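Engineer: The structure is given below, and queries will be raised subsequently.
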Amino acid sequence: MFHARSGTKKKAITLKILLLGGYGVFGGRLTELLLDIEDLEVVICGRNQKKAEEFCKTHSGNATLTPLGLDRAEIGAQLPIVQPDVVIDASGPFQAYGSEKYATIEACLSAKVNYLDFADAADFVFGVSKFDEQAKAAGIFVISGVSSFPVLTASVLRELSKSMEIHRVTGGIAPSPYAGVGLNVMRAVVGYAGSPITLFRDGKRHQAIGLAETLRYTISVPGKLPLRNTHFSLVDVPDLQVLPPEHPTMQSIWMGPAQSQRFCIEC
C-alpha cells in the first residue's frame, strides 16, 4: 500500500481505537504504552481539538495518532464516520455522567463496536452488566472498570478462591505521591467525599461515608523491611459492589487508597 501523494509506503492499520479522554492522564498514559505497535491507529479524542492536536504532535512512535475534537455526547454520530474497532472511555468522572450515563455504551451497541472503560465509580460499573445479553447478540464485548480497581483485586481473589473460602476483604492501593492525578480524578473524589458509599458489610448492603472511614495498615512483604504505617481512606470503587456477587461466601469488603493520594482533598 502506497500513499498517493508522496509515493512512500503507508502503514497498514489492522486495529483502530477511538480513545475518549485521549490527552488526559489515563488516556495519555495508555497511548504511551501503545506507541510501539506499528499497525495500530489511536484516535485521540477530547472536547478541545487543539489539545488533541498538540498531544499528537508531542507523542511519536510506530502507532498512528489522529486528533479528533469530540464531545462524548456526540459519539453516536461519529462512530459511523470514524469506524473504530474499539472505543475506550478514559475520560470521566464517571460519577457525574448523569441520567444518560450509558449513552456511549448504547452507541457502541448500536454501531457494533467493542467498548472498554476505566470507570472507577461503583454504581456505574455495577450497572454495566445489564448490557451483557445485548453485547453478546451484537457480537462485541462491553467491559467496564478496566483499571487497578477492580481488576487487580478480582485477579487476586479468583486465584485465592481456588483453595479457600473468601469471607472478608480489606484492600488498598498505595501509589507514588509523584504519580499524576488528573482533574477528573479530583472531581470524582470530591464528588463522593463526605457522601454515602454502598458496600457489603456483615453480609448486607451497607452505606458508609466516603473518605470519613479510615484505617491504618503496615505493608510488609516477607523478607523485606516493612513500609511505614500508612493511612487509608474509604473510596467509591467498583470492587465494593461487583466483587461480592462473584464470591458467595464474602461477607464484607472495604477498599481505599493511601493517604498520599488525599492531597487532592486536603490541599
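Engineer: Take every Cα pair under 8 Å in region 151-237 that's 6+ residues apart, average their separations, divide by the length, and report that relative contact order as a whole percent. Let's see the in-between values first.
Structural biologist: Numbers: 77 pairs, mean separation 17.0, N = 87.
Relative contact order comes out at 20 percent.
Engineer: Continuing with this model, one more query. Given the options Pro80, Pro93, Pro238, state which has the largest fluctuation in a GNM of the chain using a 10 Å cut-off (strictly under) for Cα springs.
Structural biologist: The residue that fluctuates most here is Pro80.
Engineer: Right, another one. By how many nm would the segment from Leu225 to Ile81 lengthen if fully extended, with 0.36 nm per residue of separation less the alpha-carbon distance? Write out the running numbers ahead of the final one.
Structural biologist: Values: separation 144, 0.36 × 144 = 51.84 nm, distance 5.54 nm.
Full-extension gain reported as 46.3 nm.
Engineer: Compute the FRET efficiency between Phe141 and Lys50 as 1/(1 + (r/R0)^6), taking r as their Cβ-Cβ distance and R0 = 25 Å, and round to the nearest 0.05. Write down the numbers at each step before the final one.
Structural biologist: Numbers: r = 33 Å, r/R0 = 1.32.
Approximately 0.15, to the nearest 0.05.
Engineer: Suppose all protein chains stay in the model; what accessible area per residue would a 1.4 Å probe give for the chain, in Å²? Walk me through the numbers before you get to the answer.
Structural biologist: Numbers: 14920 Å² over 267 residues.
That works out to 56 Å² for each residue.
Engineer: Looking at the square roots a ≥ b ≥ c of the eigenvalues of the Cα gyration tensor of region 182-239, which shape do they give, rounded for a/c under 1.5, prolate if a/b is larger than b/c, or oblate? Before the final figure, lay out each step's value.
Structural biologist: Numbers: a/c = 2.56, a/b = 1.47, b/c = 1.74.
Note, shape of region 182-239 comes out oblate.
Engineer: OK, next. Could you work out the relative contact order of region 3-102? I mean the mean sequence separation of Cα pairs under 8 Å and 6+ apart, divided by the number of residues, in percent. List each step's numbers first, then the result.
Structural biologist: Working: 160 pairs, mean separation 32.6, N = 100.
With pairs under 8 Å counted, the relative contact order is 33 percent.
Engineer: Rank Gly172, Tyr102, Ile143 by how far each Cα sits towards the positive end of the charge dipole of region 56-188 (+1 on Lys, Arg Cβ; -1 on Asp, Glu Cβ) and give me just the farthest.
Structural biologist: Gly172
Engineer: How far, in nm, would the chain grow between Val151 and Glu213 when pulled straight, counting 0.36 nm per residue and subtracting the alpha carbon separation?
Structural biologist: Details: separation 62, 0.36 × 62 = 22.32 nm, distance 2.31 nm.
Result: 20.0 nm gained on full extension.
Engineer: Okay, moving on. Ignoring ligands, DNA and RNA, what percent of the 1.4 Å accessible area of the chain is carbon and sulfur?
Structural biologist: Details: 8130 of 14920 Å².
For the chain, the apolar C and S fraction of the accessible surface comes to 54 percent.
Engineer: If you work out Rg and Dmax of the Cα atoms in Å from the coordinates, which of (1) 19.0, 56; (2) 20.4, 68; (3) 17.6, 52 do you get?
Structural biologist: (2)
Engineer: Shape of region 1-148 from its Cα gyration tensor (a ≥ b ≥ c, root eigenvalues): rounded if a/c is under 1.5, otherwise prolate when a/b > b/c, or oblate? Can you show the working numbers first?
Structural biologist: Details: a/c = 1.99, a/b = 1.56, b/c = 1.28.
Judged from the Cα gyration tensor, region 1-148 comes out prolate (a/c at least 1.5, a/b above b/c).
Engineer: So, one more: Can you tell me which of 32-44, 142-154 comes out highest on packing, and rank the rest after it, using the mean Cβ neighbours within 10 Å?
Structural biologist: Details: 32-44: 16.9, 142-154: 19.3.
Going from most to least packed, we get 142-154, 32-44.
Engineer: Related question: Using a 10 angstrom Cβ neighbour count of at most 13 plus a DSSP loop assignment to flag exposed trypsin sites (Lys or Arg not before Pro), which longest range of the chain is free of such sites?
Structural biologist: Values: sites that count: Arg5, Lys10, Lys112, Lys162, Lys224, Arg228.
No qualifying site falls inside 11-111, the longest such stretch.
Engineer: So how exposed is Thr170, as accessible area in Å² (1.4 Å probe, rounded to 10)?
Structural biologist: Taking all protein chains as shown, Thr170 has close to 90 Å².
The values are calculated or read from the model by the stated rules, or taken from the named source; none is laboratory data. On a predicted model such as this, the values are computed, not experimentally measured, just so you know. Cβ sites come from the backbone with ideal geometry, for glycine too, and all protein chains shown count toward neighbours. All accessible areas refer to the heavy atoms of the entire protein, side chains included, with ligands and DNA or RNA removed. Shrake-Rupley method; radii C 1.70, N 1.55, O 1.52, S 1.80 Å.
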